[in-house]
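Presented below is the structure to which this report refers.
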Amino acid sequence: MPPEGVRRSGRIPREIAILLTGSDMEGKMFSEETKTVLLSRHGAGIVSQYALYAEQELIIRRLDTDKETEVRVVGQLGAHENIHTYGVAFLKPEVDLWEIKFPRMTESEKEASRVMLQCCGCKACEMVEQSDLESDVYLVNEGIVRSCKRCGASTYWRRPIEEEGVEPSRPVAAQMAVEETVEPEELPVAAPPEAEPATAPPATARQENRRKHVRTKVSFKGCVRSYAFGDDMVTCEDMSRGGLRFKSRKEYVANSEIEVAAPYSPGAHAIFVRAQVVYVVELKQERRFRCGIRYAKS
C-alpha cells in the first residue's frame, strides 16, 4: 500500500492474479505467477519474489482475461523478507488492462503532482508532473530514476541541492528530508602497513574538503566493462557528479581503466563512459569487493 500522505484517489487497492515475465538483476529470465496489490490508470503496484531495478521492462498478463501489456519498473514501494512491492507503469498510456473507470484527479492532486527535480549526474533541473505511481515511488525513496536528455541515460533524480545555488520550487506534497552524505574521498592504497607510523594522526584534517561533489545514496545495477572481466553486473551504492561506488564479486585493480554504464538494464540501450578505479576494498564477510571509480575527463 502507498505510504501515508500520498495521493490516493487515482489508485484502487485490488488483488488480480497476473503472470510476470522478465529478467532479474542478474539478467536471468523468469516467469512468475503473482498478483497486484494496487491498480492505477497508469499501471499497478505488484509483488514479486525477484529483485528488480528501475526502468527495466517486463510483461504483465492477466490470468483471468489473458490480456497482456508491457510495463516498466518505476521503483520499489516496499519489501518484507523476500517479497518486494514495485510500482510499474504501462509503456503505452492508452492501455486499458484493468477495465476499470478510475476517479479523476482533483485540482489539489494535480498541483501536488508537480515537483522540481534535479539530475544527480549533470545537475539539470526540471519541473516534472508525476503520475500517481511515480509520486508514490518518489515519496518512499526520496528520489526516482528517470531518463535524462542531457546525460543521455537513466539517472537518479531528487530535490535540487540548495547548497549549490539552486532554489527549488517547494512541492505542495508532503515535505521530505533530503539526506545527502558528504564523505572524504577514498584514495588508492599507498604505503604498506609496515611503513605506517605506530600512531597515525587523525585523518579528518588532511581529508577535509577532499570531496568535490555531494554523494547520493543509490540502489540500482550497473555494468562495468573491462579487459580483465568483460561485462560485469555490479551493485551501485552511491554516486556523485565525479564518480560512483559499487560492489562486485570481481577484484579490480586500483588505477585500472574501465568503462561503466549506470543504471544498467540488460538488453536495453546503454551508454558506457570511461572511468578509472580509484580504490578497492575487500568485504570478506560478503565475499565481494567495494570499488570507487572516478569518471575520466572528456
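Quick note: the coordinates plus some simple rules give every number you see, no bench work behind them. Given the structure is predicted, the values throughout are model-derived calculations rather than measurements. With ideal geometry, Cβ positions are generated from the backbone for all residues, glycine too; neighbour counts draw on all protein chains shown.
Can you find, among Thr21, Gln76, Thr65, the residue farthest towards the positive end of the dipole of region 16-84? Put +1 on the C-beta of Lys and Arg, -1 on that of Asp and Glu.
Thr65
With r as the distance between the Cβ atoms of Asp64 and Asp231 and R0 = 41 Å, compute the FRET efficiency 1/(1 + (r/R0)^6) and round to 0.05. Spell out each step's value before the answer.
Numbers: r = 40 Å, r/R0 = 0.97.
For R0 = 41 Å, the calculated efficiency reads 0.55.
List, in the order given, every pair from Lys28/Lys217; Lys101/Lys217; Lys35/Lys221; Lys250/Lys297; Lys149/Lys217 whose Cα-Cα distance in the structure shown is over 31 Å. Intermediate results must be reported in sequence, preceding the final value.
On the way: Lys28/Lys217 26 Å; Lys101/Lys217 38 Å; Lys35/Lys221 25 Å; Lys250/Lys297 25 Å; Lys149/Lys217 22 Å.
Check vs 31 Å cut-off fails for Lys101/Lys217.
Output the Cα-based Rg and Dmax of region 1-157 in Å, rounding Rg to one decimal and Dmax to a whole number.
Final numbers for Rg and Dmax: 15.3, 45 Å.
Quick check: the distance between the Cα centres of region 101-156 and region 210-287, to the nearest angstrom?
Between the Cα centre of region 101-156 and that of region 210-287, the gap is 25 Å.
Please compute the length gained on full extension between Ala296 and Ser108, using 0.36 nm multiplied by the number of residues separating them and subtracting their Cα-Cα distance.
63.2 nm
For region 64-110, report the % of Cα-Cα distances exceeding 18 Å. Mind dumping the intermediate values first?
On the way: 589 of 1081 pairs.
In whole percent, the share of Cα-Cα pairs in region 64-110 beyond 18 Å is 54.
Any idea what diffusion coefficient region 240-298 gets from Stokes-Einstein, in µm²/s, Kirkwood Rh on alpha carbon pairs, 4 °C, 1.567 mPa s?
For these conditions, the coefficient is 106 µm²/s.
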